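Reviewing the structure listed below.
The values are calculated or read from the model by the stated rules, or taken from the named source; none is laboratory data. Fair warning: this is a prediction, and the values are worked out from it, not measured in the lab. Reconstructed Cβ throughout: ideal geometry from the backbone, glycine too, with neighbour counts over all protein chains shown. These area figures cover heavy atoms from the full protein model, side chains too; ligands, DNA and RNA do not enter into them. Shrake-Rupley method; radii C 1.70, N 1.55, O 1.52, S 1.80 Å.
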Amino acid sequence: METIASLTSRFPAPGHIVWIGLRPARKEPLIPVERATITLTGLEGDHRNKPGKRTVTLIQAEHLPVIAALSQTKDATIAPERLRRNIVVRKIPLIALRKREFLIGTARLRGTDLCAPCSRMETELGEGGYNAMRGHGGICAEVLEDGVIEIDSDVVAV
């Protein structure tokens, strides 16, 4: 008989990064980049540079069209820079990385908590934008080992 521990330890394939964004200052727009260095205090060039459980934020690419469908936007999908997350990944369920260590590029992170939406989503996505993102906001992570990430870098559970 399978146990929950064995079921949650298996992934169908590695994920990969499809988008990286840095915010140079608080409340400024995210700037897409092809490559970034992750240190214990966060992504170099991002304003939020302090260690902790919310050092890096990740969101699932597959959830962007869901958020669009649940919000007032007329777009088929949501541009990642609108959602205030640093990294967008595809092909690996982020929720399964919560409370787990994972490699992303050459960095090692630990998923800590769900990344709840903020009130700015009401402005960004229209009335109800906050609720449109609930359950689809991705995860927060703390950095365990420095490294470099690039578009197409693998995301692998440890």
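Distance between the 7 Å Cα→Cβ label points at T123 and I151: 2.8 nm. Applying 0.36 nm per residue to the separation of L114 and A25 and subtracting their alpha-carbon distance, the gain on full extension is 29.7 nm. The share of accessible area on the chain that comes from carbon and sulfur is 53 percent, using a 1.4 angstrom probe.
Across every direction, the projection of the convex hull enclosing the Cα atoms of the chain has a mean area of 9.1 nm².
Let me make sure I get this right: for segment 79-145, a, b and c are the square roots of the gyration tensor eigenvalues over alpha carbons, sorted descending. Under 1.5 in a/c it's rounded, otherwise prolate if a/b > b/c, else oblate. Which is it? The shape class here is prolate. Mean separation of Cα pairs under 8 Å and 6 or more residues apart, divided by the residue count, gives the chain a relative contact order of 32 percent. In a fully extended conformation the segment linking H47 and R100 would gain 16.5 nm over its present Cα-Cα distance, using 0.36 nm per residue. Using label points projected 7 Å from each Cα along Cα→Cβ, tell me how many nm separate T77 and I4, to one decimal. For the pair T77/I4, the computed spacing is 3.3 nm. Over the chain, DSSP H runs of length four or greater, each weighted -39,500 (n - 2.57), average out per residue to a 222 nm ellipticity of -3000 deg cm²/dmol. A straight Cα-to-Cα reach below 18 Å connects K91 with the aspartates and glutamates E62, E101, E150, D152, D154, residues fewer than 8 places away in its own chain not being considered.
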